[in-house]
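Rule-based calculations on the coordinates, nothing more; no lab input. In this text the structure is predicted, and so the values were computed from the model without any measurement. Every residue, glycine among them, receives a Cβ derived from its backbone with ideal geometry; neighbour counts consider all protein chains shown.
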Amino acid sequence: MSAIGGVGGAMSVDRVMQLRAQILERNQALSRASAPETAAPAGGATKPTSFADTLQDALKDVNATQTKASALSESYERGETVDIAKVMLARQQASVGFEATLQVRNKLLSAYKDIMSMPV
C-alpha cells in the first residue's frame, strides 16, 4: 500500500511542477504582451535603468500581484461570482513572485557578506 501512496504522491508532485511551469510560462507571456505598451518614449532615446530601479520595479510588481490575489480571494470568500481557477492562479503567481523575491534577497545578502569578509 505504501508503494501506491508513494506513486500517488509522486504524481501529485509532478502535477504541481507542471502547473508551476505553466504559470511561469503564462507570466512570461503576459510580460511580453505588456512590454510594447511600456516601450521607449516618443523621444527615441531611453535612459539606462539602474539595478536599484529594476529591483524597485520588481518589488512593486510582486506587491501588485499579491494585492490582486488577496482581492480575488476576498471576493471569492464573500461569495461573489469569481472563478476558483482564477483565484488559485492569482494566489500561485503571488506565491512564485514572493519566493523569487526572497531568493534574490538571499543572494544579495550572501554577496554582501562575501564582499564584507574579503581582505583589503
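Electrostatic bookkeeping for residue 27 treats Lys and Arg as +1 and Asp and Glu as -1; over the other residues with beta carbon under 11 Å from its beta carbon, the sum is +1. Sorting 21-32, 86-97 by their mean Cβ neighbour count within 10 Å, with the most densely packed peptide first, gives 86-97, 21-32.
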